[in-house]
Structure formats: structure tokens, C-alpha cells
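For reference, the structure discussed in these notes is given below.
Throughout, read-outs are computed from the coordinates displayed, never taken from laboratory work. Because the structure is predicted, anything quoted here is derived from the model rather than measured. Counting neighbours? That spans all protein chains shown, and the Cβs are built from the backbone with ideal geometry, glycine included.
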């Protein structure tokens with residue numbers, strides 16, 4: 001006679017189900033919290049001339065929206081439309097903090113012929129209500145390719161040196177036959193009333209200006225410093241007084257020659 005099979009009763013693991021339910025509920029709450037978390041703190045790093053409100057408005061976060069619903073790529077593109085922004089990184093966390101790390105172009109000098117400022121990346125920017133005062137001014141007509149060479153050169157010069165320059169004059173060196181020997185030479189009039197001749201090849205020598213200034217006592221004796229022809233052993237400097245005396249001597253000799261020529265006639 002066949003034995004009857006016993007039916008096994010399935011027992012639900014209520015404890016396991018409860019843990020799973022709580023876990024799922026917790027995850028749903030966490031995800032919901034994160035998705036609906038609004039910006040609580042805004043931090044902006046790396047800016048000097050750009051106002052924080054410009055970054056905030058271009059990012060579209062003036063009303064502190066949900067931090068993790070932001071379109072980061074779109075925000076980056078919008079912020080890069082600000083003239084002085086060369087790059088931007090954005091960080092955010094679950095505490096509602098968003099940080100903008102800005103790479104800002106330096107404003108190098110004002111170009112009279114264009115009525116605009118030029119930045120370290122070669123971009124032209126408007127005056128912006130005199131915000132960039134203190135920059136030197138390129139005062140005369142200069143070819144665009146030479147301006148770009150000057151920009152590349154100034155990127156090698158310390159900011160505190162650039163701020164001591166008042167005006168920049170394009171002054172290519174031309175020999176007596178009218179041949180251009182150095183097409184990238186400039187005359188810099190400094191805020192301390194000294195003058196510096198420089199070209200883009202030797203422009204890094206400007207970083208030594210303060211040391212040269214002290215060593216040549218240029219605070220007392222104002223004059224013309226030639227850094228376009230500098231060598232390791234020689235720094236050519238002429239005081240304004242000696243330049244005037246030389247010119248006076250040359251004029252006197254020319255007048256004497258003219259008078260002698262007229263007498264012989």
C-alpha cells in the first residue's frame with residue numbers, strides 16, 4: 001500500500017520581507033531627497049574681475065533650484081559666454097553645496113586703435129564701465145599679428161610688472177636704409193617715469209625690472225633702459241639728461257656744419 005506524501009507548508013520570512021521593505025523605502029526616500037534637494041550654498045573660486053552675480057545669472061541658479069536636476073553641460077556653455085571665462089569646473093554634493101571653479105583670463109592691456117581690452121587668451125573685451133583701469137595702453141597703430149605676439153609675451157611677465165607699465169608704443173627698429181631689423185620692438189613708459197625698450201624675444205627680462213631699477217638707482221636717475229639688446233654682462237641704460245645733452249651736441253654740430261657750408265657758398 002502506497003504511503004501518502006506529506007505537503008510542505010511554505011513559511012514566509014516576515015523578518016526578511018520587513019528588512020527588504022525598509023531598505024527599499026529608505027532608498028526611495030534618499031533618492032527623492034537627492035532629486036529634490038535645492039541648492040543651499042554657492043561658492044565661486046578663481047575670479048578677480050568677474051562678479052559672482054554674473055556667474056550665478058549665467059548658470060540660472062539665482063532661485064536656488066534643485067541641485068541634481070541641473071544640466072551641468074548647458075551651465076558650463078553659458079558661463080563660458082562671459083568674456084573673461086576661459087574654463088569652468090562645477091562640483092556639487094549631497095549637502096546642497098555647489099562650487100564653480102573658474103579659470104579667468106587676465107586683462108593685459110587696452111588697445112587704442114580698437115577701443116577694447118585684450119586678454120591673456122587673445123580675446124577682445126569691452127571696457128565694462130572702467131572696471132579694468134590700471135592696465136597699460138597700446139597707444140599707436142600696431143599690426144594684429146604683432147599684437148598677438150605681444151600678448152604671448154606678456155603671458156610670460158609677472159602681473160605686478162605689467163601693472164607698473166603706463167603706455168605701450170609700437171616702435172620697430174629700422175636701420176638707416178629703411179630696413180626693419182626688429183619688428184616686435186616696443187617702447188614702454190613706466191609709472192615711475194622711466195622708459196624701457198623691449199621686444200617679444202627678450203620680454204621675460206621685464207621680470208627683472210625691479211632688481212635692475214634698484215641696482216641702477218633708477219628711482220633717482222630717470223632714463224631709458226634697453227632690454228631689447230641686453231646681454232648677460234651688460235645692461236644698457238641712458239639717463240634722460242645724457243640723452244638731451246647728446247641731442248644738443250648733435251644739433252650744435254649740425255648747425256656748425258650748416259653755417260660752414262653756407263659760408264663756403
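Projected onto planes of every orientation and averaged, the convex hull of the alpha-carbon atoms in the range 107-245 covers 9.2 nm². Structural descriptor for the range 107-245: relative contact order 16 percent, calculated from alpha carbon pairs under 8 angstrom and at least 6 residues apart. Bridges between two residues of the chain, per DSSP, are antiparallel at a rate of about 70%.
Largest GNM mean-square fluctuation among 71, 207, 166, using the chain with Cα springs under 10 Å: 71.
Restricting attention to the range 33-113, close to 60% of DSSP beta bridges with both partner residues there are antiparallel.
The packing ranking of peptides 116-123, 243-250, 51-58, highest mean first, is 116-123, 51-58, 243-250, where packing means the average number of other beta carbon atoms within 10 angstrom of each residue. Listing 132, 193 from fewest to most neighbouring C-beta atoms within 10 Å gives 193, 132. Using the average count of surrounding beta-carbon atoms within 10 Å as a protection proxy, the listed peptides 19-27, 208-216 rank, highest first, as 208-216, 19-27. Within the chain, the ratio Rg/Rh, alpha carbon atoms throughout and Rh by Kirkwood, equals 1.40. Along each principal axis, taking the top coordinate minus the bottom one, the Cα set of the range 92-167 gives 54, 27, 24 Å in descending order. Peptides 181-192, 33-44 ordered by packing proxy, namely the average of other Cβ atoms within 10 Å per residue, highest first: 181-192, 33-44.
For 45, 238, what ranking results if the residue with the fewest other Cβ atoms within 10 Å of its Cβ goes first?
Working: 45 10, 238 14.
Ranking 45, 238 by Cβ neighbours within 10 Å, fewest first, gives 45, 238.
Quote the relative contact order of the range 35-98 in percent (integer), defining contacts as alpha-carbon pairs under 8 Å separated by 6+ residues.
On the way: 63 pairs, mean separation 30.2, N = 64.
Value for the range 35-98: 47 percent.
Per residue of the chain, what 222 nm ellipticity follows from adding -39500 (n - 2.57) for every DSSP H run with n ≥ 4, rounded to the nearest 500?
Working: 7 runs with 86 residues, N = 265.
So the calculated ellipticity at 222 nm is -10000 deg cm²/dmol.
For the range 58-108, the fraction of C-alpha pairs more than 11 angstrom apart is 71%.
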